[in-house]
Amino acid sequence: MDPRDVYAELGVRRVVNAATTLTALGGTTLPAEVRDAMVAAAQSCVSMEELHLAAGRRVASLTNNESALVTSGAAAAMALAVLAAVTGGDPATIARLPDDTDLERRVIIHCAHRIPYDRAVELAGGRLVQIGNAIQTFEWELEGALAQGAAAVLWVAGDHLGGAALPLDTTVRLAHDHDVPVIVDAAAQLPPVSNLWRFTRDGGADLAFFSGGKALRGPQASGLLVGRRGLVEAARLNAAPFQRLARAMKVGKEEVMGLLAALELYLSLDHDQQSRGWDEAIENWRRTLVDVPDVTLRRVDTNEAGQPVARLEVRLVTPRRARQVAARLWERDPRVAVLEVGASLYLSPDVVDDGDHAYVAECLHEALTAADDREGGNHVG
Ligand SMILES: *Cc1c(COP(=O)(O)O)cnc(C)c1O
């Protein structure tokens, strides 16, 4: 049996993921090196504290950071970073949570950085304090919020967010004037590899975190928190294996070893060659579709998180038509997932197995040339 058919027994179809590394689609697929590392880890018990400390040291040295911690995802890393900032690593404070009487819980965030994931701050007991607006932010707004006291500033990285927030260097300078740490959400900011140290070592932020299950192609339930030793240590003391608040965000030995393998593999990759491979895949998709009427095809340089991962934009006549085509792709077996934005569908080659590229092209061609089911169509969008 093709191991990819494992879900069929439950009546669940596998998905050929041409959308992106969405958690709702299971993120990504794991390279053999990562799967092997997880299988090996599963075959023996280990001291989780010893493993966390050793893996943290390895991740720190691989990513040019002072310190690091493997977490159960970027959202968990966000919660842990806030717990680190709020408790300062004090064992008695950590032990009495969620009683947070008299603790500074304010976490400053730019309005332009409000993302659906920021509730992890509140999960950790943080109180989001918003500055600026969707168009602009002034330095005095950040200074005013800092002057009232804050546990941390959460700064979200990504060119796709626009320029309404203060730049990282300004944010770091002002926050550090008030001895307040800056935490960077860089969950989907790979590639380039250098982002693993750009925000912390180069940019002066105190902590940054990344998803393990996106471009790194590590386990879906993994992430990494990197940065200043004291804060990373404070984060660690809030987490499993200790029976503290973030015990609920436990990382298994399999995830720790899988993430390490994924990181090592990612750092050893020839990223230029990989991106040439993606370009080729996009060009092949484009070529199979050039003759389809009422469709505009365009190569886009960046992915949905603003990173340099090329995509194919397939522009339909109306959003309604785009929804129909996406629904048709989703109804295939295996399903094909694409990103739908208005009248456009976006296709990413980076999560699609080499053997599935032709299938995506074939399904897309079929869906685009199928009759518009405007009359009598029964798809509920
Ligand atoms: C994906 C993402 C997260 C959550 O990451 P997980 O690893 O799935 O927990 C947080 N912030 C941003 C900006 C993301 O893109």
Task: Inter-residue pairs, beta-carbon under 9 Å, first farther than 14 Å from THR29 by Cβ and in the same structural domain as GLU313 (by TED's automatic domain parsing) and in segment 347-361, second assigned to a strand (DSSP E or B) and open to solvent by 10 Å² or more (accessible area, probe 1.4 Å), 6+ apart - done: LEU347/ARG311; LEU347/GLU313; LEU347/LEU339
TODO: Could you list, in sequence order, all residues of segment 322-350 that are of a type in the set (Asp, Glu) and within 24 Å of GLU280 (Cβ to Cβ)?
DONE: ASP350
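Considering segment 71-122 alone, what residues qualify as being in contact with a Pro (Cβ under 8 Å, 6 or more places away or on another chain) and among the acidic types (Asp, Glu)?
Passing the criteria: none in range.
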- [ ] Kindly establish whether ARG217 is closer than 14 Å to LEU30 by Cβ and assigned by TED's automatic domain parsing to the domain that holds TRP197.
- [x] yes
TODO: Show the residue pairs that are 6+ apart or on different chains and have beta-carbon atoms under 6 Å apart, the first residue being within segment 324-342 and in the same structural domain as ALA310 (by TED's automatic domain parsing) and among the charged types (D, E, K, R), the second being at pLDDT 95 or above and open to solvent by 20 Å² or more (accessible area, probe 1.4 Å).
DONE: ASP333/ARG13; ARG335/ARG13; ARG335/VAL15
Open item on the list: For the structure I just gave you, tell me whether GLU49 is surrounded by fewer than 21 Cβ atoms within 10 Å (Cβ to Cβ), of a type in the set (Asp, Glu) and within 16 Å of the ligand (Cβ to nearest atom).
Closed with: no
TODO: State the number of residues belonging to segment 90-108 that are within 16 Å of the ligand (Cβ to nearest atom) and either out of contact with any strand residue (DSSP E or B) (no Cβ under 9 Å at 6 or more places or on another chain) or farther than 18 Å from GLY149 by Cα (or both).
DONE: 0
Open item on the list: Consider segment 109-143. How many of its residues are surrounded by fewer than 21 Cβ atoms within 10 Å (Cβ to Cβ), assigned to a loop (DSSP other than H, G, I, E, B) and within 15 Å of the ligand (Cβ to nearest atom)?
Closed with: 2
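Do we have ASP353 as under 23 Å from the mean Cα position of the chain (by Cα) and acidic (Asp, Glu) here?
yes
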Task: Verdict on LEU146 being in contact (Cβ under 8 Å) with a residue 12 or more places away in the chain, assigned to a helix (DSSP H, G or I) and within 30 Å of GLN220 (Cβ to Cβ) - done: no
Task: Extreme residue, surrounded by the fewest Cβ atoms within 10 Å (Cβ to Cβ), among residues of segment 187-227 that are near the ligand (Cβ under 10 Å from one of its atoms), assigned to a loop (DSSP other than H, G, I, E, B) and polar (S, T, N, Q) - done: GLN220
Open item on the list: Could you go through segment 20-36 and let me know if any residue there is assigned to a loop (DSSP other than H, G, I, E, B) and among the charged types (D, E, K, R).
Closed with: no
TODO: Mind counting the residues in segment 2-28 that are touching a Ser or Thr at 6+ places or on another chain (Cβ under 9 Å) and open to solvent by 40 Å² or more (accessible area, probe 1.4 Å)?
DONE: 2
Task: Subset of segment 260-297 (residues that are in contact (Cβ under 8 Å) with a residue 40 or more places away in the chain, over 27 Å from ARG35 (Cβ atoms) and hydroxyl-bearing (Ser, Thr, Tyr)) - done: THR288
TODO: Mind counting the residues in segment 65-89 that are within 16 Å of the ligand (Cβ to nearest atom) and open to solvent by less than 20 Å² (accessible area, probe 1.4 Å)?
DONE: 14
Open item on the list: Among the residues that make up segment 57-64, is at least one of them within 16 Å of the ligand (Cβ to nearest atom), in a strand (DSSP E or B) and open to solvent by less than 50 Å² (accessible area, probe 1.4 Å)?
Closed with: no
- [ ] Examine segment 80-87 for a residue that is part of a helix (DSSP H, G or I), free of Cβ contacts under 8 Å to residues at least 40 places away in the same chain, assigned by TED's automatic domain parsing to the domain that holds ALA188 and closer than 28 Å to VAL251 by Cβ, and state whether such a residue exists.
- [x] no
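The values are calculated or read from the model by the stated rules, or taken from the named source; none is laboratory data. Treat the numbers as computed from the prediction; the structure is a model and nothing was measured. FYI the Cβ positions are ideal-geometry reconstructions off the backbone, even for glycines, and counts take in every protein chain you see. For the accessible areas, the whole protein counts, side chains as well, though only heavy atoms, and no ligand, DNA or RNA atoms are used. Shrake-Rupley method; radii C 1.70, N 1.55, O 1.52, S 1.80 Å.
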